[in-house]
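First the structure, in the form of structure tokens, and then the observations on it.
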Amino acid sequence: MSSVLHPAAPGPDPSTPAGAPADRTGRPAGSYRPISTHLAITPPVSVVIPAMNEAANLPHVFRTLPDWIHEVVLVDGNSTDDTVEVARALRPDVKVVRQVGKGKGDALISGFAACTGDIIVMVDADGSADGSEIVSYVSALVSGADFAKGSRFANGGGTDDMTFIRRLGNSVLCSIVNTKFGARYTDLCYGYNAFWKHCLDKITLDCTGFEIETLMNIRVVKAGLRVQEVPSHEYNRIHGVSNLSAVRDGIRVLKVILQEKGVGLAERRRVGASAGVRIPRGEMS
């Protein structure tokens, strides 16, 4: 696995052994994946898309995905529409995982287990995420981050789909996490994230609902992993109605935060120092 950026050049990677198996683009597996005329990467990128009755949105979602990604893992939450058929028609090589349990968290955990790439990107199926932003997440990872966290409130980010109540709740919950765990997040309840697959060896994912995103944000900090926020713009859902409930899911997120053991003072100093933040010695843990 390499995390080095290379100039994008036409033709096969000379370092790739002859006879190596090809990926979906026809390039040998392990070869450089051109992102632009000036940039290429070697790590294969898996995109996980949890979906339930999102057939109408998938054409837009798949259209925004870069052609250099390694694979798309669609986790179908027992859809009653043509979600799976549409996905296969749009992308014949899509890897479909049938969800056994329920909830977004359960779907993501199932999707992560099916990924073969070194980098995993989480993308919602409602059309709110722009797949062209994946390059920013991958760039953050290959530049040294372990976990690239999307933020709608970092400079350059934005949202078209947040009510005042949701914005207030997100701000309050984000402040609690920053205080309790020594993080420096500007956004908490946002599901557009990317990370090196090896991060899954350092965190335990054991919740089934929307709160899995908050749990991941907390546990990567507790594990001492390097986190970098990536500005992201959230768009309105294109078709259908969201299953998200601001009050119900906000309470579940708060429960996750309160149940997690806070980072001790020594650990908070270490995490803060790695992020360039000084924690006063008089502060209580």
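A few comments on the model shown:
- Test result for Thr204, open to solvent by 50 Å² or more (accessible area, probe 1.4 Å) and in a loop (DSSP other than H, G, I, E, B): yes
- Near pairs, Cβ below 7 angstrom, 6+ apart or cross-chain, from region 46-72 (more than 21 Å from Asp82 (Cβ to Cβ)) to any residue that is assigned to a strand (DSSP E or B) and at pLDDT below 95: Trp68/Arg33; Trp68/Pro34
- Scanning region 111-138 for residues that are under 12 Å from Lys197 (Cα atoms), open to solvent by 30 Å² or more (accessible area, probe 1.4 Å) and in contact with a Pro (Cβ under 8 Å, 6 or more places away or on another chain) yields Thr116, Asp118.
- Filtering region 169-185 to residues that are closer than 19 Å to Val230 by Cα and either open to solvent by 60 Å² or more (accessible area, probe 1.4 Å) or without any contact (Cβ under 8 Å) to a residue 40 or more places away in the chain (or both) leaves Asn170, Ser171, Cys174, Ser175, Asn178, Arg184.
- Take the conditions (1) of a type in the set (Lys, Arg); (2) within 22 Å of Val61 (Cα to Cα); (3) surrounded by fewer than 19 Cβ atoms within 10 Å (Cβ to Cβ); (4) in contact with a helix residue (DSSP H, G or I) (Cβ under 8 Å, 6 or more places away or on another chain); Arg166 misses just one of them, which is (2).
The values are calculated or read from the model by the stated rules, or taken from the named source; none is laboratory data. Just so we're clear, the structure is a prediction, and the values are computed from it rather than from any experiment. So basically every Cβ, Gly included, is an ideal-geometry build from the backbone, and we count neighbours across all protein chains shown. The protein model used for the area step is the full one, side chains on, heavy atoms only, and it has no ligands, DNA or RNA in it. Shrake-Rupley method; radii C 1.70, N 1.55, O 1.52, S 1.80 Å.
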